[in-house]
Amino acid sequence: MKLKPSGLTAIGIALALASCAHNPASPRASVEHRFKNYDLNDDGKVTPAEYSEAATSIIFTAFDENDDGTVTLKEWQSLEGTESDAIYAKIDADGDGKVSLDQAQAHTRKTKAFANDFPGIDANKDGSVDLAEAKAYAAQRKAALR
């Protein structure tokens, strides 16, 4: 899904929306629990592709107010307003008035929506994030908010 341009990072938006949706990736969940939600193949590392897929899924869940597996324009507008309806139309690739998770994932891959966030978390620049890096990043973010 599209993220509004703002001072918040994509992960911050994803976690804020996840909290609203009572998702296990909520900021109140432990770093270990959140990490596990992003480590889709359970190999102890989160790749940029996993990060993007998981973040998109979390955001999609927040937009899908009635949990029917699609996001309608009305659901989109309840969080985005009407100023970004053109972006909704781009995500709704088949023009049926409903965005599926597959369409949201395809849009995220195409636009590389989370590409700028991952390098800030990947401290050793090896192309993936392990739990130690995730914990260090979470501690940095927590300290920055104080």
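The values are calculated or read from the model by the stated rules, or taken from the named source; none is laboratory data. Keep in mind that what you see is a predicted model, and the values were worked out from it rather than measured. All Cβ positions, glycine included, derive from the backbone under ideal geometry; neighbour counts span all protein chains shown.
What single numbered condition from (1) under 16 Å from I58 (Cα atoms); (2) surrounded by fewer than 17 Cβ atoms within 10 Å (Cβ to Cβ) fails to hold for V99?
V99 satisfies all of (1) under 16 Å from I58 (Cα atoms); (2) surrounded by fewer than 17 Cβ atoms within 10 Å (Cβ to Cβ) except (2).
Just to check your reading of the model, which residue among D122, D126 is among the acidic types (D, E) and more than 18 Å from the chain's Cα centre (by Cα)?
Details: D122 fails: more than 18 Å from the chain's Cα centre (by Cα).
Checking each option against the conditions leaves just D126.
Please specify each residue of the range 36-82 satisfying the condition of being acidic (D, E) and farther than 22 Å from G127 by Cα.
We begin by selecting, within the range 36-82, every residue acidic (D, E); these are 39, 42-43, 50, 53, 64-65, 67-68, 75, 80.
Across the range 36-82, the qualifying residues are D64, E65, D67, D68, E75, E80.
One residue is enough: does the range 73-94 have a residue meeting the conditions touching a residue at least 12 places away in the same chain (Cβ under 8 Å), under 30 Å from A136 (Cβ atoms) and out of contact with any His (no Cβ under 9 Å at 6 or more places or on another chain)?
No, the conditions are met nowhere in the range 73-94.
Where in the range 31-109 are there helices (runs of 4 or more DSSP H), lying fully within it, with 2 or more residues that are among the acidic types (D, E)?
48-63, 73-80
Specify the residue that is nearest to A104 (Cα to Cα); the eligible residues are those in the range 70-86 that are in contact with a Phe, Trp or Tyr (Cβ under 9 Å, 6 or more places away or on another chain) and of a type outside the set (S, T, Y).
So, considering only residues that are in contact with a Phe, Trp or Tyr (Cβ under 9 Å, 6 or more places away or on another chain) and of a type outside the set (S, T, Y), the one nearest to A104 (Cα to Cα) is V71.
Does the range 48-67 contain at least one residue that is hydrophobic (A, V, I, L, M, F, W, C), surrounded by fewer than 21 Cβ atoms within 10 Å (Cβ to Cβ) and modelled with pLDDT of 95 or more?
no
Among the listed residues D96, D117, which satisfies the condition of being among the charged types (D, E, K, R) and either modelled with pLDDT under 90 or in contact with a Gly (Cβ under 7 Å, 6 or more places away or on another chain) (or both)?
Details: D96 fails: either modelled with pLDDT under 90 or in contact with a Gly (Cβ under 7 Å, 6 or more places away or on another chain) (or both).
Only one candidate qualifies: D117.
Give the residue that is surrounded by the fewest Cβ atoms within 10 Å (Cβ to Cβ), with candidates limited to residues of the range 102-119 that are of a type in the set (S, T, N, Q) and closer than 21 Å to G69 by Cα. It would help to see each step written out before you state the result.
Step one: list which residues in the range 102-119 are of a type in the set (S, T, N, Q), which gives 103, 105, 108, 111, 116.
Then drop every residue that is not closer than 21 Å to G69 by Cα, which leaves 103, 105, 108.
Details: Q103: 20, Q105: 16, T108: 24.
Ranking the qualifying residues of the range 102-119, first place goes to Q105.
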